[in-house]
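Take a look at the structure below.
Throughout, read-outs are computed from the coordinates displayed, never taken from laboratory work. Owing to the predicted nature of the structure, the values given are computational and were not obtained by experimental measurement. Cβ placement follows ideal geometry from the backbone for every residue including glycine, while neighbour counts extend to all protein chains displayed.
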Amino acid sequence: MGLIDALTANGVLTFADKGYQGAGATVRTPFKRHRHRPRLSRGQKDVNRAHARIRALVERAIATLKTWKVLAKLRCCPRRATAIVPPIMASAGRGGSASSRG
């Protein structure tokens, strides 16, 4: 079972890029314009913009974790890591940076 299958089986809502269209019921992808179809409607473009905003937040959080090498240095159970990451990201959102973490 792959990651997408596991997320879908557990009902986890996932925002993905256009390459994952049709991946599962809980995988949300942006609307895609096809060559022989009319342009996207205003509503579809609005949905795509909102989708991109959500994905940008997640991508930024992942980049922060990678830059700080938080997960590479972590030596504990993955369940504990799940509890540790949200406070780290919250402090990053309040203006914390890699240079201020001492």
When the Karplus curve 6.51 cos²θ - 1.76 cosθ + 1.60 is applied with θ = phi - 60°, which whole-Hz ³J(HN,Hα) does each residue of segment 67-83 get, with x for Gly and Pro?
-> 4, 7, 6, 4, 6, 5, 8, 6, 10, 8, 5, x, 5, 5, 4, 4, 7
Estimated D of segment 48-88 in µm² per second, where Rh is the Kirkwood radius over Cα pairs and Stokes-Einstein applies at 4 °C, 1.567 mPa s | 114 µm²/s
For 60, 75, 53, order by how many other beta-carbon atoms lie within 10 Å, fewest first | 75, 53, 60
Expected sort for 64, 82 with the fewest Cβ neighbours (10 Å cutoff) up front is 82, 64
In terms of the alpha carbon gyration tensor, root eigenvalues a ≥ b ≥ c, rounded if a/c is under 1.5 and otherwise prolate when a/b exceeds b/c or oblate, the chain is oblate
Coil-residue trypsin sites (Lys or Arg not before Pro) of segment 1-48, DSSP, other Cβ within 10 Å capped at 10 | 35, 39
Based solely on its DSSP helices, what 222 nm [θ] is calculated for the chain when runs of n ≥ 4 H residues each add -39,500 (n - 2.57) and the sum is averaged over all residues, nearest 500 deg cm²/dmol?
-> -17000 deg cm²/dmol
